[in-house]
1. Of all residues in the range 114-155, count the ones that are buried (at least 23 other Cβ atoms within 10 Å of the Cβ), closer than 18 Å to Phe179 by Cβ and within 9 Å of the ligand (Cβ to nearest atom).
2. Of all the residues that make up the range 39-59, how many are open to solvent by less than 10 Å² (accessible area, probe 1.4 Å) and more than 22 Å from Ala233 (Cβ to Cβ)?
3. Taking Ile86, is it open to solvent by 20 Å² or more (accessible area, probe 1.4 Å), of a type outside the set (D, E, K, R) and modelled with pLDDT of 90 or more?
4. Can you pull out the residues in the range 197-225 that are open to solvent by less than 10 Å² (accessible area, probe 1.4 Å) and under 18 Å from Ser261 (Cα atoms)?
5. Could you check the range 176-196 and list, in sequence order, the residues that are surrounded by 15 or more Cβ atoms within 10 Å (Cβ to Cβ) and under 26 Å from the mean Cα position of the chain (by Cα)?
6. Which of the residues belonging to the range 145-168 are among the small types (Gly, Ala, Ser) and not in a loop (DSSP other than H, G, I, E, B)?
7. Restricting the search to the range 156-175, which residues are within 16 Å of the ligand (Cβ to nearest atom) and open to solvent by 30 Å² or more (accessible area, probe 1.4 Å)?
8. What's the number of the only condition in (1) more than 19 Å from Thr116 (Cα to Cα); (2) modelled with pLDDT of 90 or more that Glu198 fails to meet?
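The values are calculated or read from the model by the stated rules, or taken from the named source; none is laboratory data. Values in this document were obtained by computation on a predicted structure and should not be read as measured data. Counting neighbours? That spans all protein chains shown, and the Cβs are built from the backbone with ideal geometry, glycine included. Heavy atoms of the whole protein, side chains included, go into the accessibility calculation; ligands, DNA and RNA do not. Shrake-Rupley method; radii C 1.70, N 1.55, O 1.52, S 1.80 Å.
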Amino acid sequence: MVLAQLGGSISRALQQMSNATIIDEKVLNECLNEITRALLQADVQFKLVRDMTTNIKKIVNLDDLAAGHNKRRIIQQAVFNELCKILDPGKPSFTPKKGKPSVVMFVGLQGSGKTTTCTKYAYYHQKKGWKPALVCADTFRAGAFDQLKQNATKAKIPFYGSYTESDPVRIAAEGVETFKKENCDLIIVDTSGRHKQEAALFEEMRQVSEATEPDLVIFVMDSSIGQAAFDQAQAFKQSVAVGAVIVTKMDGHAKGGGALSAVAATKSPVIFIGTGEHMDEFEVFDVKPFVSRLLG
Ligand code: GDP
């Protein structure tokens, strides 16, 4: 994971600073410039990085620090806190309750890993004794239903879809209805992704959401999309009430910084990360351990 490289660069910057005999404004600025470079290289949005360094400079007032204080530790703590702050929008996402029916709608661009993530999410809960079900409301991509069906069958999760119906809104509504009658407690709606952010896609998301009244909308984002993360996440948030984010492909060469942008754009927390193509390569996301790992 390239996150480790980022952690390395940040740790190095802090180490260099702590090697300096006196930590003055110049040394602090050099250190923050190094950290800025590392975060930008990791695809963290420029504005987020700039705001973060401004905050750190405000918090760490070198003149006020009494002699003998461990300035390096203070700065390191400030960097840690600021990164945590970016990743923590301040309110937890809606959490479905076992035994109580919830509808969870997944949105994201084609190729982001949405269908794979829907199954992982279902499988994760099934292992904990839930009764999940999958609805394929992607009528746009040929083969989408087959893919979901294959995944669902492998995990022994009930599924709903159609080879002939072309209206995604209708399928979504029918699927949710069917599984509510079957007392499923986690009804997962997989939606179309298209190739790019386009008006028709967002209109479709709005209609599917209206028809299924999801308790939670999860935005799925490929961690390798880099600086495009903020705009993409914001575009989805403007059409549907995104309440949580899942970042996929964290096992690859992704730089991870897009996760920070997605949180900032949607004001929603990252709840899981995808770490591989297999069903169980899926981890609960925790801000503090993630940032600790990031800082090395
Ligand atoms: P969708 O178009 O958004 O539904 O995307 P898919 O679920 O079809 O995934 C696109 C590709 O990404 C597939 O080849 C998946 O196996 C792969 N993929 C999904 N999530 C992950 C992940 O966390 N790690 C890796 N390495 N590959 C993933």
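1. 5
2. Residues that pass the stated criteria total 1.
3. Yes, satisfied.
4. If the condition is that a residue be open to solvent by less than 10 Å² (accessible area, probe 1.4 Å) and under 18 Å from Ser261 (Cα atoms), then Val217, Ile218, Phe219, Val220, Met221, Ser223 are the ones that fit.
5. Val176, Cys184, Asp185, Leu186, Ile187, Ile188, Val189, Asp190, Thr191, Ser192, Gly193, Arg194
6. Within the range 145-168, Ala152, Ala155 meet the criteria.
7. Phe159
8. (2)
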